[in-house]
Amino acid sequence: MNYSLTGILGAALGLAFLSQTAVAETANDLAQSPRSAMLAQTCAGCHGTQGYLQNSAFMPLAGMPTTQFVTAMKSFANGSRPSTVMGPLAKAFSEDEIKAMAAYFAQFPKNEAQ
Ligand code: HEC
């Protein structure tokens, strides 16, 4: 065998990198992006990691259709939907950030506790 271990590892890493790049070019770009996941972590304290909850004290976000999510956030922000905490919170995000979070939560199946 003439293959060195580092050569094989290098090739494997190269392939992993290439497939990552391919993923980033698909329509799922926004859902998969680290930025979307980072923004969504702001919500994990109340809505659960990846939008899943063990109990139903707060509304789950996983699997919510993106249009429903964006509408909910906008109506919290403009006060047309009454809220306790979501109003001021929703105001803190730009439209672009809300879309990124919508894509992030929508990619997970509904009601599937992790
Ligand atoms: C401090 C707890 C808390 C945090 C943090 C929080 N939420 Fe909420 N969320 C709530 C509560 C409580 C409600 C119910 C409405 C209300 O009273 O504000 C709600 C409702 C919602 C709804 C409506 C759900 C439905 O079924 O219609 C959406 C969408 C939502 N939150 C998104 C988010 C997002 C996105 C974040 C992160 C940026 C976030 N929330 C962070 C407590 C929280």
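The values are calculated or read from the model by the stated rules, or taken from the named source; none is laboratory data. The shown structure was predicted, so the numbers you read here are calculated from the model rather than taken from an experiment. No Cβ is skipped: glycine too gets one built from the backbone with ideal geometry, and neighbour counts run over all protein chains shown.
Quick notes
- Hits in the stretch 74-86 - residues which are more than 17 Å from G45 (Cβ to Cβ) and assigned to a helix (DSSP H, G or I): K74, S75, A77
- Boolean, M38 is within 10 Å of the ligand (Cβ to nearest atom), at pLDDT below 95 and of a type outside the set (F, W, Y): no
- Screening the stretch 61-73 for residues that are in contact with a Phe, Trp or Tyr (Cβ under 6 Å, 6 or more places away or on another chain) and within 8 Å of the ligand (Cβ to nearest atom) and picking the one that is farthest from C43 (Cα to Cα) gives M64.
- Unique residue being modelled with pLDDT under 85 and surrounded by fewer than 11 Cβ atoms within 10 Å (Cβ to Cβ) when the list is Q54, Q50: Q54
- Selection within the stretch 75-88 - surrounded by 15 or more Cβ atoms within 10 Å (Cβ to Cβ) and at pLDDT 95 or above: S75, F76, A77, R81, G87
- Some residue of the stretch 1-23 being modelled with pLDDT under 95, surrounded by 14 or more Cβ atoms within 10 Å (Cβ to Cβ) and more than 14 Å from the ligand (Cβ to nearest atom): no
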